[in-house]
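This report refers to the structure that appears directly beneath it.
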Amino acid sequence: MEKLHRSEGDINLSRRRKAWQDANLDDDTRRLLAEDEKYFLKQSLSTPCLNGLRACEGIWIEDLQGRRYMDFHGNNVHQVGFGNPEVIAAIKEQLDELSFCPRRYTNWRAVELAKKLAELAPGKLNKVLLAPGGTSAIGMALKLARIATGRHKTISMWDSFHGASLDAISIGGEAVFRQNIGPLLPGTEHVPPPDEYHCIFGCFERGGCDMTCARYVDYIMEKEGDIAAVVAEPMRSTPYVPKPEYWRIVREACDRHGALLIFDEIPHALGRTGKMFTCENFGIVPDILVIGKGLGGGVFPLAAMIAKEDLDVAGKIALGHYTHEKSPAACAAALATIEYIEKNNLVQHSRDLGAFALKRMRGMMERHSLIGDVRGIGLFLGIELVKNRKTRERATEEAEAVMYGALSRGLSFKLTMGNILTLTPALTISKDEIDKALAIIEACIADVEGQKMKRPK
C-alpha cells in the first residue's frame, strides 16, 4: 500500500474514515458527498469529504442530520466564533455602502485596518500589504525579502506548512504537498524544526535541549553566506512551544548574516496563544509578520503582510496587486473581529483557559499511558499519543481511533503528525465547554486503551 503522509492533518483515505462514514451518514448526506466527489477533483486531506454541514455558530458546527459538534479545528478561522453577529453586521453594513474597491483605488476600511494592524504589531512592524489568503501573503513576503536583500535563498523547516502554491510548498516541508511535483524553487534550504520531544539531535538522550537546532540554523547561514530570509512558524502546529532562547539565537544569526526573519502566524495570530501575536510569547520581533485565517472573522478570506518600515523598498515592483487586495467587506470583517477580541478581552481569556486546559491535560496524562506529552500555550493545545513513553513511537492508529470516537461523541479536532490531537477552539469558548471536550477525549482514550488490553496476543 502506498504510504499515507500524515504530517499536515488526518487522512481522508483511511479505513477508519470509511468505517465512521458507514456508521454515521444518512442517505441525504451520502448523495451530497457523491455529488461533491463527482464535480471536485480528488486531493488528499479534503476531497472526498468527511461529512456535509448545514450550519455553524459560535464554537459549533452542525451536519445535515442536525448533529452538533464542538469544533476544535475550524481551520483556525474562528477566533471570535462562527457567525459572530458583530462581524456579520459590519459586513452587511459595508456591503450597503461600498461592496468592492477596484485596483488603483483605496477606501477607508482598508486604511483603517492597515493602521490598526500597524498599531497592534510589535516593534517597528508598521507597513502593511493585504492579500486574499495566507499563501498569497507568504508569496509577497518572499518577494520582498529578495528585493530587500538582493538574495534568493531561504531557510525553512521540515514538516512546516506555509501554503499550497509552488513557492509556498518550496519553503514548506510536508511530503503530502511536495511529492511528485517536480522541481521546486531553488535555494530553499531546510532544517529540522525545534522539537525536544522528537529531537533528531538527541537532546532527550543528553538530558534536555541544548539549542543544537538553533545553532544549526546559524551554521547553514554562515556556510551559505547569502541567505535572504529564515521563514518559520514561531510555534508549529504540533503544537511545540520553542524555548525563547531558540528564537533569540536565530534572530541574532539573521542580524549577523544580513538575512530577514519572516514569521508565519497565519493559523494562530490574533489572540490564540494568549498574546495578540504569537511572537510576543518569545520576546522576538521579526522583520516581516504574516497573518491570515482568523483575520477575516471566519467569513472572508483575508491575510496581511506586516513589515518594518525600512523594508518599504519595492515601489517599482508589484508584490501582490491582487484583485481583492483592499476588499472593503473583508476589511470591515477584520476590523470587527479585532474590535470584538479587544472588547471582550479574548486574549486574556485564551491565556486563562489555556492554563486551565493544560493543567487538566496533565492530569489526563498521569492517568493514561497512551498520552506521551501534553503541551501548548493559550488555546493552542496538543495531546501527543505514543505507543511507548520510552521510545516515543507515534501511536497513529490509536490517535485516529480517538479522533473518530470523539466525532461520534460530538467533538471535532485535527490530527497533526498522525498522532497529535491538535486542539484549537474558538476563543469564545467557556471553561465548562472546554472541560466537556477534554472529558470526551479522555473517555475516547480510555476506550482505545481498553481495546488494546483486550487484543489477543
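The figures follow:
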{"item": "Which of I383, I371 has the fewest Cβ neighbours within 10 Å, and the rest in rising order", "result": "I371, I383"}
{"item": "Per residue convex hull volume, Cα atoms of the range 85-343, in Å³", "result": "131 Å³"}
{"item": "Length added when fully stretched, A23-E37, from 0.36 nm per residue minus Cα-Cα", "result": "3.1 nm"}
{"item": "Bins of 5 Å from zero: percent of alpha-carbon pairs in the range 138-235", "result": "2, 13, 22, 22, 19, 13, 6, 3, 0"}
{"item": "Rotationally averaged projected area of the range 395-452 (alpha carbon convex hull; nm²)", "result": "3.8 nm²"}
{"item": "Calculated FRET efficiency for the pair S14/A89, C-beta based, R₀ 45 Å, to 0.05", "result": "0.65"}
{"item": "Relative contact order, percent, the range 163-320 [alpha-carbon distance under 8 Å, six or more residues apart]", "result": "14 percent"}
{"item": "Inter-part distance where the range 46-78 and the range 364-404 are each reduced to a Cα centre, Å", "result": "24 Å"}
{"item": "Computed lengthening from D210 to A355, 0.36 nm per intervening residue step minus Cα-Cα distance", "result": "49.6 nm"}
{"item": "Cα-based equivalent ellipsoid of the range 180-268: semi-axis lengths in Å, sorted from largest, via gyration tensor", "result": "21, 17, 14"}
{"item": "Residues listed by number, the range 378-394, amide nitrogen under 19 Å from S369 label point at 7 Å toward C-beta", "result": "384-394"}
{"item": "Additional length obtainable on full extension of the chain from A446 to F100, 0.36 nm per residue less Cα span", "result": "119.3 nm"}
{"item": "Where a label projected 7 Å from the Cα of R248 along Cα→Cβ would reach, residues of the range 187-220 with amide N under 20 Å", "result": "194-196, 208-219"}
{"item": "Projected area, mean over directions - the range 363-428, Cα convex hull, nm²", "result": "4.8 nm²"}
{"item": "Once the Cα gyration tensor of the chain is diagonalised, semi-axes √(5λ) in Å", "result": "34, 28, 21"}
{"item": "Those residues of the range 171-206 whose amide nitrogen sits under 11 Å from the label point placed on H152, 7 Å along Cα→Cβ", "result": "185-188"}
{"item": "Residue order, fewest to most surrounding Cβ atoms within 10 angstrom, among I338, I138", "result": "I338, I138"}
{"item": "Per-residue Cβ neighbour rank within 10 angstrom, fewest leading, D226, D287, D27, D264", "result": "D27, D226, D287, D264"}
{"item": "In nm, spacing of pseudo-spin labels at K316 and R67 (7 Å Cα→C-beta vector)", "result": "6.1 nm"}
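Rule-based calculations on the coordinates, nothing more; no lab input. Keep in mind it's a predicted model, so treat the numbers as computed, not measured. Note that we place each Cβ from the backbone using ideal geometry, even for glycine, and neighbour counts take in every protein chain shown.
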